[in-house]
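Questions regarding the structure given below will be posed in turn.
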Amino acid sequence: MERTKETLKELIRAGRAKVPAHKVIKGGQLVNVMSSEIYPADVAVYNDMIVAVGDVEDYIGSETEIIDATGYYLTPGMIDGHIHSECSKMSITSYAKAVVPRGTTSMISGLDEYISVSGLEGLQEVLAEMKQSPLKVFWGAPYKTPYTIPKSTVAFNFTEEVHKEVQKWPECYGVWETVREFLQEEDEDTLGAIVEASKNRLPVFGCAPMAVGNDLNGYLCGGVRLDHESYTHEEVVEKMRKGMHMLIRESCVTHFLEENIKAVTEVNPAFARRVSFCTDDVTATDILEKGHLDNVVRLAIKAGVEPMTAIQMATINSAEAYRIDHLIGSICPGRIADILFVKSIEEFEVCKVMTNGKMVAEDHKLTYDLKAPARSSVLKGALKCKLTTKEDFEYKTSIQNGEADVLAMDVKGPFVRKRRDVVLQVKDGIVQPDPEQDVAMVSVLERFGRNGNKSLAFCSGWKLKKGAMASSAAPDDNNLVVMGVNAEDMSIAVNYLIEQGGGQVVVADGEILEFLPLPVGGIVSDREPEEIAAHAKAGQFVSVYCNEGSRLLPRPISICEIDKKDNAIRLVYRKVGKGTEEFSGMHTGGILNITGPLGNGFPLEKAEGKSVFLMGGGIGVPPILELAKAIKCEKKQILAGYRDCHTFLKEEFEAAGTLYISTEDGSVGTKGNVMDAIRENDLKADMIFACGPTPMLRAIKNYAEANGIECYISLEERMACGIGACLACVCKSREKDAHSNVNNKRICKDGPVFLSTEVEI
């Protein structure tokens, strides 16, 4: 509700029960984060605001909607205290679809990735998008862009002069992520941003990992209020003792909660009141699989934090740290009606979500169709780079042939880069990347049309064996980054992104293997979170763990079907032991621990325009179903081999393509096996995908090689531990395995799908 004198009068009258509430939530247990109490209380809501809590009978009119909260705890909507939503590859709209149903109703963000690629004009579009979203975004103006030392190239430079303008915008709630080094170096733009913030009474948000002692003192003298990045709990303790609000970060790549929470659980429980949570960088996959801040709350409780305290850390503590507690963070009169319906505060499973006074989500899904806005040319993500050739990614030297001493950047983990000295071969004046030494080429290409700069260097830590990968989403400047061990593949990857207007791509042997389009600024997509997260492929498997503690090893089971809409997979398996017997006894609502998807699936892209055999026998039949549904080819011929008339999945296969059945007893279709079905029906194909018992695959392999047919086989029958540790699934291969340095392949790690000529069976 926009605040005017008239709307304020209206809200005051609603608070005094002079006009009826629009909604009343009855029967719930209120989690009062202000008083640390839990008690029965009803909540009255007028438009988007809470107007009364407790006994609200006076607020009920003839048209007041009654919402039954019996059996639920009512908690405030959660606040992510520091998040680069752009790093999820999801737009604001798509991101809201992922996190709001999990209970995150507000986030603090600089939206800096958008600014780096589209400037203030693009930012205005994103701010308008926010207003249509159930997710509130409290924007902090970046202290400067670019963030890098030395200075890199971005589309828009955020300077002191820009701060003088944007800090007066109503959307601005502070200065975003002021990095310690820029204060230490007394950067003029950074100091100017802080001076303006002081004039405008705006808080300054910080980023000071490993800041201690005198450096921390100097940083605090710069006026920074809070920090979201500490590597140890001792660091958290020192910062809090010196007056900072602290955010504990638990992202997809940096799991700091377990260590940092010790400041509360082991040093001083009183610290808890000034500690809050953030995720910083998350992926769609992690959100859909684990949750968002709801998962962080659960982790904190598991670490020994009381449920009430953990909920406060996710709500009111953040609101107070960012000075927005008059708007959000609690269920109190005068606050925005962001309310979660939770079954158990110990397990903290968010069942329903109200934002801005509207019920918007249930069972981890939005209850309405949220549409992304139309995108202008400002956010279309055009990459203003020249097309490249392979020569652009060849490191030339005066040495014609021989060896060269090379300096490489060694990636040791998140935010840790080390120098590595290596010796590389030189051929025809070109220094050769070396996959065996884990040395790849890396290049950054300026994408905004400012100067055309292009770097070329060596990098370790990625264990890239072939091909190349490239991305136009590359924080913090989002220039085009490519890495590879083959110059031609690097060029193909870069040119493809230029032609597509941004995204992420994987290339090998001159072919595009994977591509994620990121059409919004070249950094995010409006796709559904499930689409972005959907990485399970036909031919992959999952490792399913028994709940019975005596059975330690997981059961690797191939994926039969992938339901991307509901973010689900279907497993079909034969009950042959105690583990699978246990799984068969499970019912809806039961919990299983599953790791995956794992392994390499079938290369579907190779089938385009070809006549294909999809062949499955016995327990190798189920993995063929998803393959049959997903593959795009000229002619799809499905051959399924069974023992007898129990032809499971028959109807699903018939719906997916032309089905030919063979049975050992001749009760259905061709008597014999799938090879007999080929001969009996005089079938022809340009390519084969197959899964089944070893004798069947051996026959198919021989048939394919005799007829010059490209053939991919899944050796899933021979999988053991599923994680590449036990080596029970090893098979002979043409090339040496990097793990064992012998001619072996581990089926669960290198496969289970192989080109038939790569392996011996």
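The values are calculated or read from the model by the stated rules, or taken from the named source; none is laboratory data. Every value quoted in this text rests on a predicted model; they were computed, and no experiment measured them. Backbone-built Cβ (ideal geometry, glycine too); neighbour counts: all protein chains shown.
Quick check on Asn478: is it closer than 30 Å to Ser118 by Cβ, touching a helix residue (DSSP H, G or I) at 6+ places or on another chain (Cβ under 6 Å) and not in a strand (DSSP E or B)?
Considered against the rule, which asks whether it is closer than 30 Å to Ser118 by Cβ, touching a helix residue (DSSP H, G or I) at 6+ places or on another chain (Cβ under 6 Å) and not in a strand (DSSP E or B), Asn478 comes out as yes.
Now for a different question. So, in region 146-165, of the ones that are crowded, with 18+ Cβ neighbours inside 10 Å and of a type in the set (A, V, I, L, M), which residue ends up farthest from the chain's Cα centre (by Cα)?
Val162
Restricting to region 190-217, and then to whatever is in contact (Cβ under 8 Å) with a residue 12 or more places away in the chain and assigned to a loop (DSSP other than H, G, I, E, B), can you tell me which residue is farthest from Lys242 (Cα to Cα)?
Result: Asn200.
Tell me which residues, restricted to region 43-80, are in contact (Cβ under 8 Å) with a residue 40 or more places away in the chain and of a type in the set (Gly, Ala, Ser).
Selection gives Ala52, Gly61, Ser62, Ala69, Gly71, Gly77.
Just to be sure, is Asp392 outside the structural domain of Ile336 (by TED's automatic domain parsing), touching a residue at least 60 places away in the same chain (Cβ under 8 Å), of a type in the set (Asp, Glu) and more than 30 Å from Thr75 (Cα to Cα)?
yes
Next up: Assuming Ser35 fulfils every condition listed in (1) in contact with a helix residue (DSSP H, G or I) (Cβ under 9 Å, 6 or more places away or on another chain); (2) in a loop (DSSP other than H, G, I, E, B); (3) small (Gly, Ala, Ser); (4) under 21 Å from Tyr73 (Cα atoms) apart from one, which condition is it?
The one condition Ser35 does not meet is (1).
Hey, another quick one. Within region 572-600, track down each residue that is of a type in the set (Gly, Ala, Ser) and either in contact with a Phe, Trp or Tyr (Cβ under 7 Å, 6 or more places away or on another chain) or modelled with pLDDT of 85 or more (or both).
Within region 572-600, Gly596, Gly599 qualify.
Now for a separate question. What's the number of the only condition in (1) among the acidic types (Asp, Glu); (2) surrounded by fewer than 18 Cβ atoms within 10 Å (Cβ to Cβ); (3) touching a strand residue (DSSP E or B) at 6+ places or on another chain (Cβ under 8 Å) that Asp42 fails to meet?
(2)
I'm trying to understand the selection: among the residues of region 702-712, which are in contact with a helix residue (DSSP H, G or I) (Cβ under 8 Å, 6 or more places away or on another chain) and either closer than 17 Å to Lys610 by Cβ or not assigned by TED's automatic domain parsing to the domain that holds Val759 (or both)?
Tyr703, Ala704, Ile709, Glu710, Cys711, Tyr712
Does any residue of region 314-332 turn out to be farther than 24 Å from Arg225 by Cα and not small (Gly, Ala, Ser)?
Yes - at least one qualifying residue is present in region 314-332.
Okay, next question. Taking only region 15-42 into account, find how many residues are over 42 Å from the mean Cα position of the chain (by Cα) and in contact (Cβ under 8 Å) with a residue 12 or more places away in the chain.
3
Go through region 601-621 and report how many residues are surrounded by 20 or more Cβ atoms within 10 Å (Cβ to Cβ), farther than 26 Å from Asp665 by Cα and modelled with pLDDT of 85 or more.
Count: 2.
Across region 166-195, what is the total count of residues that are at positive phi and within 32 Å of the chain's Cα centre (by Cα)?
2
Before we move on, is Ser276 touching a helix residue (DSSP H, G or I) at 6+ places or on another chain (Cβ under 7 Å) and either among the small types (Gly, Ala, Ser) or free of Cβ contacts under 8 Å to residues at least 24 places away in the same chain (or both)?
yes
Now, a different point. For Ala440, are the conditions met, namely being closer than 29 Å to Ser525 by Cα, of a type in the set (A, V, I, L, M, F, W, C) and in contact (Cβ under 8 Å) with a residue 24 or more places away in the chain?
yes
From the residues in region 343-389 that are assigned to a loop (DSSP other than H, G, I, E, B) and among the aliphatic types (A, V, I, L, M), which one is surrounded by the fewest Cβ atoms within 10 Å (Cβ to Cβ)? It would help to see each step written out before you state the result.
The first filter runs over region 343-389 and keeps only residues assigned to a loop (DSSP other than H, G, I, E, B), leaving 343-349, 356-357, 363-364, 367-376, 380-389.
Filter again for among the aliphatic types (A, V, I, L, M), leaving 345, 370, 372, 374, 382-383, 387.
On the way: Ile345: 19, Leu370: 16, Ala372: 18, Ala374: 7, Ala382: 16, Leu383: 22, Leu387: 10.
Residue satisfying both the conditions and the ranking: Ala374.
As an exercise: evaluate Pro333 against (1) assigned to a loop (DSSP other than H, G, I, E, B); (2) out of contact with any Lys or Arg (no Cβ under 8 Å at 6 or more places or on another chain); (3) within 26 Å of Ala270 (Cα to Cα); (4) not polar (S, T, N, Q) and give the number of the one condition it does not meet.
Of everything listed in (1) assigned to a loop (DSSP other than H, G, I, E, B); (2) out of contact with any Lys or Arg (no Cβ under 8 Å at 6 or more places or on another chain); (3) within 26 Å of Ala270 (Cα to Cα); (4) not polar (S, T, N, Q), Pro333 misses just condition (3).
Confirm whether Glu488 is within 23 Å of Ser377 (Cβ to Cβ) and not in a strand (DSSP E or B).
Values: within 23 Å of Ser377 (Cβ to Cβ): no; not in a strand (DSSP E or B): yes.
In short, no.
Would you please name the residue that is farthest from Met483 (Cα to Cα), looking only at residues in region 428-454 that are among the acidic types (Asp, Glu) and not in a strand (DSSP E or B)? It would help to see each step written out before you state the result.
Let us first name the residues in region 428-454 that are among the acidic types (Asp, Glu), namely 428, 434, 436, 438, 446.
If we keep only those that are not in a strand (DSSP E or B) too, we end up with 428, 436, 438, 446.
On the way: Asp428: 22, Glu436: 16, Asp438: 12, Glu446: 15 Å.
Restricting to residues being among the acidic types (Asp, Glu) and not in a strand (DSSP E or B), the top hit is Asp428.
Let me ask something additional. Have a look at Ser62, Ser85, Ser106, Ser91 and point out the one that is surrounded by fewer than 24 Cβ atoms within 10 Å (Cβ to Cβ) and of a type in the set (S, T, N, Q).
Ser62 is the lone residue from the list that is surrounded by fewer than 24 Cβ atoms within 10 Å (Cβ to Cβ) and of a type in the set (S, T, N, Q).
In region 335-352, which residues are more than 27 Å from the chain's Cα centre (by Cα) and either more than 18 Å from Phe138 (Cα to Cα) or among the aliphatic types (A, V, I, L, M) (or both)?
Passing the criteria: Ile336, Ala337.
For region 38-52, give me each residue that is more than 18 Å from Met359 (Cβ to Cβ), of a type outside the set (Phe, Trp, Tyr) and in a strand (DSSP E or B).
If the condition is that a residue be more than 18 Å from Met359 (Cβ to Cβ), of a type outside the set (Phe, Trp, Tyr) and in a strand (DSSP E or B), then Ile38, Pro40, Ala52 are the ones that fit.
Starting from region 506-526, keep only residues that are under 18 Å from Ile492 (Cα atoms) and of a type in the set (Asp, Glu), then list their pairs with residues that are in a strand (DSSP E or B) and modelled with pLDDT under 95 whose Cβ atoms are within a distance under 7 Å, requiring at least 6 positions of separation or different chains.
Cβ pairs passing all conditions: Glu514/Val505; Glu514/Val506.
Out of Cys207, Cys221, report the one residue that is more than 24 Å from Val297 (Cα to Cα) and among the hydrophobic types (A, V, I, L, M, F, W, C). Show your work before the answer.
On the way: Cys207 fails: more than 24 Å from Val297 (Cα to Cα).
After ruling out the rest, the residue left standing is Cys221.
Which is among the aromatic types (Phe, Trp, Tyr) and modelled with pLDDT of 95 or more, of Tyr231, Tyr322?
Tyr322
Tell me the helices (runs of 4 or more DSSP H) entirely within region 622-701 that contain at least 3 residues that are surrounded by fewer than 19 Cβ atoms within 10 Å (Cβ to Cβ) and either assigned by TED's automatic domain parsing to the domain that holds Glu760 or without any contact (Cβ under 8 Å) to a residue 60 or more places away in the chain (or both).
Because the criterion is at least 3 residues that are surrounded by fewer than 19 Cβ atoms within 10 Å (Cβ to Cβ) and either assigned by TED's automatic domain parsing to the domain that holds Glu760 or without any contact (Cβ under 8 Å) to a residue 60 or more places away in the chain (or both), the helices (runs of 4 or more DSSP H) in region 622-701 that meet it are 650-656, 674-681.
Next question, about the same structure. From the list Glu289, Glu266, exactly one residue is surrounded by fewer than 17 Cβ atoms within 10 Å (Cβ to Cβ) and in contact with a His (Cβ under 9 Å, 6 or more places away or on another chain). Which is it?
Testing whether each residue is surrounded by fewer than 17 Cβ atoms within 10 Å (Cβ to Cβ) and in contact with a His (Cβ under 9 Å, 6 or more places away or on another chain) leaves just Glu266.
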